[in-house]
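Report on the structure given below.
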Amino acid sequence: MRGAQSAKWVAMAAVVAMAATACGGGGDKGDGKSAVDPNGVYTYQDVEPQNPLVPTNTNEVGGGYILKNLFRGLVDYDVKGKLRNQVAQSVDSPDNQHFTVKLKKGWKFHNGEPVTAGSFVDAWNYGANAKNAQLNASWFADIKGFDEVHPEKGDPKADKMSGLKVVNDNEFTIELSHPVSTFKDRLFYDAFFPLPKAFYKDPKKFGEAPIGNGPYEVDGKWEHKVQFKVKKYAGYQGVDKPKNGGIIFKFYNKDESAYNDLVSDKLDIMYQVPPSSINVYKTDLGDRSADQMFGGNTTIAFPMYDKAWSKPEKAKVRQGLSMAIDRETITKTALKGSKDPADGWTPKVVEGYQPNACGEYCTFNPKKAKQLIKEGGGVPGGKMTIAYNADGGNKEWAEAVCNDIKQNAGVPCEADPRATFQQLRTEITDKKMTSAFRMAWVQDFPNISNFISEQYRTGAGANDSGFSDKKLDKLMEQADSAKTIEESDKLYAQAEAKLKDTMPSIPLFFDHTNGGHSKNVQNVKFDTFRQAIWTDVEVKK
């Protein structure tokens, strides 16, 4: 998320600000406010992280929500959607290719080690190096020398990217291999967090109890599949000082269990109530409920690394399957208005959104659906499954989508649950899928490039389908090299429009934050990242 605003940032800031509004104080007094305990601790809905908690190897919400509280990067966004500096004093560039970063003095990790230029440069070099096999390695691909530390084949030829240079403890430079108009925005993402020297001594140990530089530090031992506790860090130097004493991230296997805890005040903040509660949660919670669009989408992706699905003619099959899905009806019935029908891959609240990017292929048309599937030679194996995680309120839509595919396209389809998000993500990242699988994307920064480049560029860290289209890659490179964000957005819009020609995934829904909070807390606000402004939450006495 991203810094000093010139005119080109106004649109982006406005988009983010749309959803950064309060969802009700929920207090006992007429003004919605109660006395506050500055050291009070509150609980937050989460799921067991997929991997040990290392910023360069975490790209899912379970671990991401925790890391976003334990660390701070060079920049982030405030509640109004304005890019602001955190550890950075300044990030300057004359050409979007050469950057000079100067750090504020006084920042320290939770173990007392100073945060220096080397804390960033060493962490980024580690994350980029192929021998470390980090899921977020592709985030560093634009930095000069990335291909030396992360070649497409073979061992790294270097340990460090030539584009990173430490000037002194408080300054370093970044040289990209080409201009990237949104690079400063991207510096918000978790992969760019700094790491202390303790990390390199024992990465495994660090992953269990990360030592960050953020507003909260680890409080006790990670209780796997139960909870993860963090407490206010007294030495925090950021501008967003916590108004509370800490957070307990509670891991739930079923959203229904989390919702029951929420209404009984055993869980303080829930960002997504289950579909079964959509019709009642606003009545149950009153002014403690929230309903707003955020920068997230739901798609079903296909294993493009699978020989059967990667055949060129199967693009027609995927297009046909998409046209067999009645998104309007599913969002109104199975999802009870909690999502909007998707008309492309980029949500409406994200800068660069273009209406109807998916074209006719996201329009319900059973006749055309059957025709395309037939022309493409049918679904591989004669049937399909949609894998999803059962601990995330996905059963309703997955079964509804499969029913549509069966009824409207004549293709046998079965919703195929995995018990946990962690299990599903492991199968996906290990490239073990043989049919369709649930994908959901929450923006890393509010721009169209994040929804297209990070998932559909060849070799991108979040390209879970193994999709590759060299012509599309070239267009995205041109977009990144554009002189302004406006020019970049237009080129990325062209790239998004071309996705429908191959249809590596099927857009289903644009997501909402349908959440709320208990009577124990107030001043709860959700942003377009579907997360509460954690440091602003106040715990009542």
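Using only the Cα atoms of the range 86-152, build the gyration tensor, take square roots of its eigenvalues as a ≥ b ≥ c, and label the shape rounded, prolate or oblate: rounded if a/c is under 1.5, else prolate if a/b is larger than b/c, else oblate. Cα axes put the range 86-152 in the oblate bin.
What you get for the chain, charging only the Cβ of Lys and Arg (+1) and of Asp and Glu (-1), is a dipole of about 180 debye around the Cα centre. Which listed residue (Gln237, Pro366, Val91) has the Cα farthest towards the positive end of the charge dipole for the chain, taking +1 on Lys and Arg C-beta and -1 on Asp and Glu C-beta about the Cα centre? Sorting the options by dipole projection puts first Pro366.
In the range 251-380, taking the dipole from charged Cβ atoms about the Cα centre, the farthest positive-side position among Ala357, Leu285, Ala258 is held by Ala357.
Loop-located trypsin sites (Lys or Arg not before Pro) in the range 242-349 (DSSP state other than H, G, I, E, B) with a sparse environment of at most 12 neighbouring Cβ atoms within 10 Å: Lys307. Identify the GluC sites (Glu not before Pro) of the range 136-185 meeting these criteria: DSSP loop state and at most 16 other C-beta atoms within 10 Å of the C-beta. Hits after loop and neighbour filter: Glu152.
What FRET efficiency, computed as 1/(1 + (r/R0)^6) with R0 = 35 Å and r the Cβ-Cβ distance, is obtained for Lys205 and Asp169, rounded to the nearest 0.05? Each step should come with its number before you reach the end.
Values: r = 26 Å, r/R0 = 0.74.
Result of the calculation: an efficiency of 0.85.
What accessible area per residue, rounded to a whole number of Å², is obtained for the chain using a probe radius of 1.4 Å? The partial results should precede the final answer.
Numbers: 20470 Å² over 541 residues.
Per residue, the chain has 38 Å² of solvent-accessible surface.
Reducing the range 57-94 and the range 493-541 to their Cα centroids gives an inter-centroid distance of 16 Å. Each of Ser181, Phe199, Trp222 was placed along the dipole of the range 136-241 (beta-carbon charges, centred on the mean Cα), and the one lying farthest toward the positive end is Trp222. With all pairs of separate Cα atoms included, the chain yields a Kirkwood hydrodynamic radius of 23.7 Å.
With respect to the cross-link table entries Lys205/Lys250; Lys332/Lys370; Lys367/Lys490; Lys314/Lys348; Lys131/Lys431; Lys204/Lys250, which display a Cα-Cα separation exceeding 26 Å? As for pairs spanning more than 26 Å Cα to Cα, those are Lys367/Lys490; Lys314/Lys348.
Overall, the accessible surface of the chain at a probe of 1.4 angstrom is composed of carbon and sulfur to the extent of 49 percent.
The values are calculated or read from the model by the stated rules, or taken from the named source; none is laboratory data. Just so it is clear, the model here is predicted, and its values are computed rather than measured. Cβ coordinates were reconstructed from backbone atoms using ideal geometry, including for glycine residues, and neighbour counts include every protein chain displayed. Surface areas here come from the heavy atoms of the whole protein model, side chains and all, with no ligands, DNA or RNA. Shrake-Rupley method; radii C 1.70, N 1.55, O 1.52, S 1.80 Å.
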